[in-house]
1. Every residue in region 34-80 that is without any contact (Cβ under 8 Å) to a residue 40 or more places away in the chain, small (Gly, Ala, Ser) and not in a strand (DSSP E or B), please.
2. Mind telling me which of the residues Gln199, Gln164, Gln208, Gln229 ends up being among the polar types (S, T, N, Q) and modelled with pLDDT of 95 or more?
3. Of Gln165, Gln199, which residue is in a loop (DSSP other than H, G, I, E, B) and either open to solvent by 30 Å² or more (accessible area, probe 1.4 Å) or touching a Ser or Thr at 6+ places or on another chain (Cβ under 6 Å) (or both)?
4. Is it true that Leu213 is farther than 30 Å from Phe76 by Cα and open to solvent by less than 30 Å² (accessible area, probe 1.4 Å)?
5. Could you tell me which residue of region 109-142 is surrounded by the most Cβ atoms within 10 Å (Cβ to Cβ), considering only residues that are free of Cβ contacts under 8 Å to residues at least 40 places away in the same chain and of a type in the set (Asp, Glu)?
6. Please find, among Asn253, Asn279, Asn245, the residue that is among the polar types (S, T, N, Q), farther than 25 Å from Ala216 by Cα and touching a residue at least 24 places away in the same chain (Cβ under 8 Å).
7. Please verify whether region 5-19 includes one or more residues that are in contact with a strand residue (DSSP E or B) (Cβ under 7 Å, 6 or more places away or on another chain), surrounded by fewer than 17 Cβ atoms within 10 Å (Cβ to Cβ) and touching a residue at least 60 places away in the same chain (Cβ under 8 Å).
Amino acid sequence: MFCQQQDSPTSYVSMAVKAGHFYDPKHCQGLAHLLEHMLFMGSRHLPAPNEINDLISKHGGNINAWTGTEYANYHFHCHTASLPGIIPAFADMLRRPLIDKDAITNEVRSIDAEFKFKRKDDLRRLYQIHKETSNPDHPFSQFSVGNADVFNQLHINDLHSMLQQFHRQYYCASNMTLCVISPLPPDDALDLIQSAFGQFPVGEEAHQDWPVLYEAEQLGVEIRIRPLQAARRMIVTFALPGLHNDYKTKPLNYISHLLGDEGEGSLLSYLKSKNWVTNLIAGSGIEGEHFKDFNVSFQLTESGIQHYENVLEALFDTLILVRQSLEEPWRYQEKARLAALALQYEENIRPLNLAC
């Protein structure tokens, strides 16, 4: 995908690869994350570790990556004049990483240090509890980042072979989507992209044949968590199909709009009047191709902790009102107009986030 952005000296590039941690082998959970690290440790074109970081930095930008559930993503920005020299290096990083054995050992240490640091993060701990209370047969339940205990169970030669195999299987054209936002003329940009990425093997698209995220006994349950830091948060999660993919009607945006309203007569206004809640966020939650967790998160007061069941009753009463309002289209039309205005007059657009 190419999007021409006029009057900008900067170009933005994102590559999504269907190679997230859901595809990790069960006996080596975190392999996708380790491979993401290894791609920065040298390629045929730029063999030194982090050499591509230095190259892009010299040309007014930076590069980063993340490994999610179904996808890994690699993204950078740079001066547009430098793009013809950087795009081939970026493609080479993705297509021909060296995956040096000594570098593997170093990156295992780096990932392990990252893992140990994040054990002190309550949000990360909450995420892990979420995994352990989902369907154990679903890949979401797996350990996504890996650590030394996992990787060091394997001989370095076996780990090296597994990284190479994972790369061959998933880092192919059938699993990749490139997005470029640049002021370059479209024909010039497409020629550059074709030259750099045309040599990728087609491969086979990764299959997604996974069970449900939650079994029946994992729904309608209350999970109490003891945080490391003082917190009074209650999160109500609704397990839904992949409704976030319906980008034309945006049903979840509409429900979030109604539940998150702060005006008179709103759920938040009522809960504040009772001194039970100080804040409410509706709509966040994990998502994938076929599932979506719709979260309603409450920041409770001391009194709210004692009356959390009343807060739940108020939430479900509000959902009944939402259901009853579906026959009155003016609310949806109002949200649509607000969204159109927000898009038209949006300031401080971050093109790299948009590309990702």
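1. Looking only at region 34-80, we keep the residues that are without any contact (Cβ under 8 Å) to a residue 40 or more places away in the chain, and these are 36, 48, 50-51, 53-59, 62-66.
From what's left, small (Gly, Ala, Ser): 48, 57, 65.
Scanning region 34-80 gives Ala48, Ser57.
2. Working: Gln199 fails: modelled with pLDDT of 95 or more; Gln208 fails: modelled with pLDDT of 95 or more; Gln229 fails: modelled with pLDDT of 95 or more.
Of Gln199, Gln164, Gln208, Gln229, the one residue that is among the polar types (S, T, N, Q) and modelled with pLDDT of 95 or more is Gln164.
3. On the way: Gln165 fails: in a loop (DSSP other than H, G, I, E, B).
None of the other options fit; the residue is Gln199.
4. Numbers: farther than 30 Å from Phe76 by Cα: yes; open to solvent by less than 30 Å² (accessible area, probe 1.4 Å): yes.
For Leu213, the condition - farther than 30 Å from Phe76 by Cα and open to solvent by less than 30 Å² (accessible area, probe 1.4 Å) - is met.
5. From region 109-142, those free of Cβ contacts under 8 Å to residues at least 40 places away in the same chain are 109, 112-119, 121, 123-124, 127-128, 131-132, 136, 141; that's our starting set.
With the extra rule that they be of a type in the set (Asp, Glu), the set shrinks to 112, 114, 121, 132.
Numbers: Asp112: 19, Glu114: 14, Asp121: 12, Glu132: 11.
Once the filter is applied, the top-ranked residue is Asp112.
6. It is Asn253.
7. Kept after step one, since they are in contact with a strand residue (DSSP E or B) (Cβ under 7 Å, 6 or more places away or on another chain), are these residues of region 5-19: 5, 9-17, 19.
Adding the requirement that they be surrounded by fewer than 17 Cβ atoms within 10 Å (Cβ to Cβ) leaves 9.
Checking the rest, the ones that are also touching a residue at least 60 places away in the same chain (Cβ under 8 Å) come to 9.
Yes, some residue in region 5-19 is in contact with a strand residue (DSSP E or B) (Cβ under 7 Å, 6 or more places away or on another chain), surrounded by fewer than 17 Cβ atoms within 10 Å (Cβ to Cβ) and touching a residue at least 60 places away in the same chain (Cβ under 8 Å).
Okay, residues lined up against (1) within 17 Å of Arg232 (Cβ to Cβ); (2) of a type in the set (Asp, Glu):
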| site | (1), (2) |
| --- | --- |
| Thr278 | yes, no |
| Glu287 | no, yes |
| Phe291 | no, no |
| Tyr308 | yes, no |
| Leu312 | yes, no |
| Thr318 | no, no |
| Glu328 | no, yes |
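The values are calculated or read from the model by the stated rules, or taken from the named source; none is laboratory data. Owing to the predicted nature of the structure, the values given are computational and were not obtained by experimental measurement. Cβ atoms come from the backbone with ideal geometry, glycine included; neighbour counts cover every protein chain shown. Note: areas computed on protein heavy atoms with side chains; ligands, DNA, RNA excluded. Shrake-Rupley method; radii C 1.70, N 1.55, O 1.52, S 1.80 Å.
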